[in-house]
1. Relative to the Cα centre, what is the charge dipole magnitude of chain B, using +1 at the beta carbon of each Lys and Arg, -1 at the beta carbon of each Asp and Glu, and rounding to the nearest 20 debye?
2. Compute the distance from the alpha-carbon center of segment B:201-240 to that of segment B:258-272, in whole Å.
3. For segment A:1-97, how big is Rg over Rh, using alpha carbon atoms and the Kirkwood form of Rh?
4. Given charges of +1 on the Cβ of Lys and Arg and -1 on the Cβ of Asp and Glu, with all other atoms neutral, how large is the dipole of the protein assembly as shown about its Cα centre, in debye to the nearest 20?
5. Grab the Cα-Cα distance for B:I31 and B:D184, subtract it from 0.36 nm times how many residues apart they are, and report the gain in nm with one decimal.
6. Determine the dipole magnitude for segment A:8-104: charges of +1 sit on the beta-carbon of Lys and Arg, -1 on that of Asp and Glu, nothing else is charged, the reference point is the Cα centre, and the result goes in debye to the nearest 20.
7. What nm distance separates the two modelled labels at B:L234 and B:T259, each placed 7 Å from Cα along Cα→Cβ?
8. On a C-alpha basis, how far is the centre of segment A:12-68 from the centre of segment B:1-59 in Å? Whole number, if you could?
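Read-outs throughout are calculated quantities, based only on the coordinates presented, and are distinct from any laboratory measurement. Computed from a predicted structure; not experimentally measured. When we count neighbours, we look across all protein chains shown, and the Cβ atoms used for this are built from the backbone with ideal geometry, even at glycine.
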Amino acid sequence: MDALGAKVIRKTRLVTAVSEIFRNGLIYGGGALVLIHCHNATRTVWIDCCDDGPGIEDMALALSDGYTSGSGLGRGLGGAKRLADAFEVLSEPGIGTQVRLAGRA
Amino acid sequence: MPVRYIHVILDNERELLLKAWGSTQAEEGLIRRDLFTEREARTQTEMLYDALSKGVKASVETDLLDPDAECWDDMRAALADVTRERTKRGVSTAEMAAFVLALKYPLFERLRTTVDDSNGKVLIDAVNQFTRLIDSVSLYTTELCISERDKTIRRQQEEMMELASPVVELWDRIVAVPLVGTLDSMRAQEVMENTLSAIVDKKADIVIIDITGVLTVDTQVAQHLIRTAAAVRLMGAEAIISGISPRIAQTMVQLGVDTGEIRTRSSLRMALADAFRQLDTDVISRIAK
Ligand SMILES: Nc1ncnc2c1ncn2[C@@H]1O[C@H](COP(=O)(O)OP(=O)(O)O)[C@@H](O)[C@H]1O
Ligand SMILES: [Mg+2]
């Protein structure tokens, strides 16, 4: 994002969102693979975070603010969705979870 | 038995081999005059040589390569000494390994000129054994280097941890906890403990947790801050979180983090002014208006 000349506020938003998603992948997914792609034409950074953990049974519940199955604040998923410029979760119980998000510079 | 040749050579040709070992080290650029005096280098080389020679002699009847065998005790001790001394002064792991390996070729050279061996079998066996020996010594050296480095890293981590979460007394009954960098769970625990004990030690009524130096606040960091503030309150003091920059305020709102009862201020200065007010303390400027 530095290369794209992003404002510090935009960087902070994306970094915070990624931090939420990656931490979930680590805690609930048992470790995650992160791919970062910088798309110069649209000045957008795309991030994919995949894990092969238990997956999310009830997506609406997981996305709702305040729900946590652990001991967090339960605002990571919903918060990341609001912070990112694009956000998508794919999850299959027993297979894993993939979160894709983007931030414009 | 090939190993016999090696120990005889190590014994008989000590001076010559030490010199040759030194020369190989010099050729490979391993003599660090910037880090060691010639005398120190010589003493270390001799110490290792004698320990090696002793080990080889003792291991003639046993398995030469069992590095845990008692006959290598001296060697291990000497290596540990030399490695510690050298890495402390900045010698790299690769240099340490090469330093040991540099004995190989001079010894082979001596084997070739001293062993009368028409079909070459004895020589090859000896070279084989000695190679395996020196290789395992050099491997052991590498392990030592790494464990020394691990120790350094661990020590630095601990030191950094303490440095990174100081509690400073700003005024009577007012302490500040300036946070810098990232606040992972381990740091958060440390911050919490330091803060709570400072309340007791410094008889603080107000604790200002300043997050000016924290780059991002995600829900986990927020949770740590909220917990620390709650613990401060349980101890009868009040927490003020200061240094909330516009970007952090915005991300916290979007995360939906509720700081509830906790007092927050944008700068440490404002938090301090607040604290003075609360404690009925006036700070008067003596410069005439
Ligand atoms: N990668 C994942 N794999 C499995 N479950 C997940 C994953 N990410 C989130 N979840 C589920 O969604 C819930 C809500 O996540 P989040 O909003 O980040 O809150 P928190 O991390 O505080 O629990 C989690 O408690 C967990 O049950
Ligand atoms: Mg989370």
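1. Details: 36 positive and 46 negative charges, 219 e Å.
Once rounded to the nearest 20, the dipole reads 1060 debye.
2. 10 Å
3. Values: Rg = 13.8 Å, Rh = 14.0 Å.
Ratio of gyration radius to Kirkwood radius: 0.99.
4. Details: 47 positive and 57 negative charges, 378 e Å.
Roughly 1820 debye, rounded to the nearest 20.
5. Details: separation 153, 0.36 × 153 = 55.08 nm, distance 4.30 nm.
The span from B:I31 to B:D184 would gain 50.8 nm if fully extended.
6. On the way: 10 positive and 10 negative charges, 140 e Å.
Around 680 debye, computed over segment A:8-104.
7. So the label points at B:L234 and B:T259 sit 2.2 nm apart.
8. Measuring centre to centre over Cα atoms gives 57 Å.
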